[in-house]
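These notes are about the structure you will find just below.
The values are calculated or read from the model by the stated rules, or taken from the named source; none is laboratory data. The structure displayed is predicted, hence computed values, not measured ones. Every residue, glycine as well, gets a Cβ built from its backbone with ideal geometry; the counts of neighbours run over all protein chains shown.
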C-alpha cells in the first residue's frame with residue numbers, strides 16, 4: 001500500500017489549482033529573468049580564436065555559419081579523455097532535435113571541446129549525433145571562458161569556476177566518488193578530468209564584430225538537461241541516489 005498521501009478527485013483538483021498559482025508565478029519570474037539575461041551588456045571579442053571543424057580551420061566568426069547569434073555548449077572532452085563526459089553526453093542527446101530549429105531562427109548551436117577534432121568526430125559517430133562540434137585544442141578559448149584550467153591552477157588552488165574560486169566538487173582533494181567515477185568512464189584520472197568543466201556561452205555578431213553576451217555554468221545548465229525537465233514532472237521526481245545515468249549506448253551493456 002502506498003505511503004504517499006491520497007485524496008478524492010475534488011481534493012486533488014483543489015491542490016492542483018494551488019500548485020498552478022505557484023507554477024504561473026514561476027513562469028512569470030522565468031520570463032523576467034530571460035529579459036534580464038538578454039539585457040546584459042555586450043563585451044567585444046578582440047582575440048582571434050581559432051578552431052578545427054569538419055569544414056576545416058575556422059574563426060569564432062565562422063562558427064556563426066551565417067547566423068547573427070551563436071550558442072556554444074562547452075562540452076567536457078579534454079585532450080586526454082578517451083570519451084566525452086557522460087553528463088554532457090546526456091545533455092547533448094537532445095541537440096540533434098532542436099539545433100535545426102534554432103538555425104532557422106537565426107541562432108547557431110555549436111559544441112566546443114579541447115579534444116582534437118579526430119576524437120570528437122569518432123565520438124560523435126559513436127553517439128549518432130549530427131550537430132556541429134568544433135575543437136579548440138590550439139586556442140585559449142576554453143581557458144578564457146573559464147571552462148578549462150591548467151595543472152598549475154589546480155596545484156595553487158586558483159581555479160575560478162561558476163564565478164567563484166573553489167567550492168565546486170571538482171576542486172576538492174581527494175576527489176569525491178562521483179568525480180572519480182566519471183573520470184574513469186572517460187578513461188582518465190580525476191585531476192585530469194576536472195581540468196575541463198561544462199558551460200554555455202552566448203555570442204552575437206553585429207556589423208562584423210563578435211560580442212560575448214552571456215555564460216552560465218554548473219546548475220545553470222539544468223534547464224538544458226532535457227531529461228531532468230521530464231523527471232521533475234514524474235511522480236517520484238529526480239529520485240536520485242547517486243549517479244544513475246550513462247551514455248545512451250551503455251545501458252544495454254549494463
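Could you check region 230-242 and list, in sequence order, the residues that are surrounded by 10 or more Cβ atoms within 10 Å (Cβ to Cβ), touching a helix residue (DSSP H, G or I) at 6+ places or on another chain (Cβ under 8 Å) and closer than 29 Å to residue 124 by Cβ?
Within region 230-242, just 238 meets the criteria.
Give me a count of the residues in region 117-139 that are part of a loop (DSSP other than H, G, I, E, B) and surrounded by fewer than 15 Cβ atoms within 10 Å (Cβ to Cβ).
3
Which condition from (1) in a loop (DSSP other than H, G, I, E, B); (2) within 18 Å of residue 119 (Cβ to Cβ) is the one that residue 182 breaks?
(1)
Considering only residues that are more than 27 Å from residue 61 (Cβ to Cβ), in contact with a helix residue (DSSP H, G or I) (Cβ under 8 Å, 6 or more places away or on another chain) and without any contact (Cβ under 8 Å) to a residue 40 or more places away in the chain, which ones fall in region 129-157?
Within region 129-157, 157 is the sole residue that qualifies.
Please enumerate the residues belonging to region 104-120 that are in contact (Cβ under 8 Å) with a residue 60 or more places away in the chain and farther than 14 Å from residue 89 by Cα.
114, 116, 117
Table: residues versus (1) closer than 22 Å to residue 202 by Cα; (2) touching a strand residue (DSSP E or B) at 6+ places or on another chain (Cβ under 8 Å); (3) surrounded by fewer than 19 Cβ atoms within 10 Å (Cβ to Cβ).
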position	(1), (2), (3)
8	no, no, yes
21	no, no, yes
28	no, no, yes
32	yes, no, yes
92	yes, yes, no
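Determine the pairs where a residue that is not assigned by TED's automatic domain parsing to the domain that holds residue 191, located within region 67-90, has a partner that is crowded, with 24+ Cβ neighbours inside 10 Å with Cβ atoms under 7 Å apart, the partner being 6 or more residues away or on another chain.
Sorted first by the residue in region 67-90, then by its partner, the list stays empty.
What is the number of the single condition among (1) touching a residue at least 24 places away in the same chain (Cβ under 8 Å); (2) surrounded by fewer than 19 Cβ atoms within 10 Å (Cβ to Cβ); (3) closer than 22 Å to residue 249 by Cα that residue 97 does not meet?
Result: residue 97 passes all but (1).
Determine which member of the set 146, 142 is part of a helix (DSSP H, G or I), buried (at least 17 other Cβ atoms within 10 Å of the Cβ) and at pLDDT 95 or above.
142
Suppose we keep only residues that are assigned to a strand (DSSP E or B) and in contact with a helix residue (DSSP H, G or I) (Cβ under 7 Å, 6 or more places away or on another chain) within region 204-223. Which one would you say is surrounded by the most Cβ atoms within 10 Å (Cβ to Cβ)?
Only one residue fits best here, namely 210.
For the structure I just gave you, tell me whether residue 245 is surrounded by 13 or more Cβ atoms within 10 Å (Cβ to Cβ), assigned by TED's automatic domain parsing to the domain that holds residue 88 and out of contact with any strand residue (DSSP E or B) (no Cβ under 7 Å at 6 or more places or on another chain).
no
Restricting attention to region 24-59, which residues are within 18 Å of residue 213 (Cβ to Cβ) and touching a helix residue (DSSP H, G or I) at 6+ places or on another chain (Cβ under 8 Å)?
45, 47, 49
Need the failing condition index for residue 183 against (1) crowded, with 18+ Cβ neighbours inside 10 Å; (2) over 19 Å from the mean Cα position of the chain (by Cα), just the number.
(2)
Take residue 162 and tell me if it is at positive phi, within 19 Å of the chain's Cα centre (by Cα) and surrounded by 12 or more Cβ atoms within 10 Å (Cβ to Cβ).
yes
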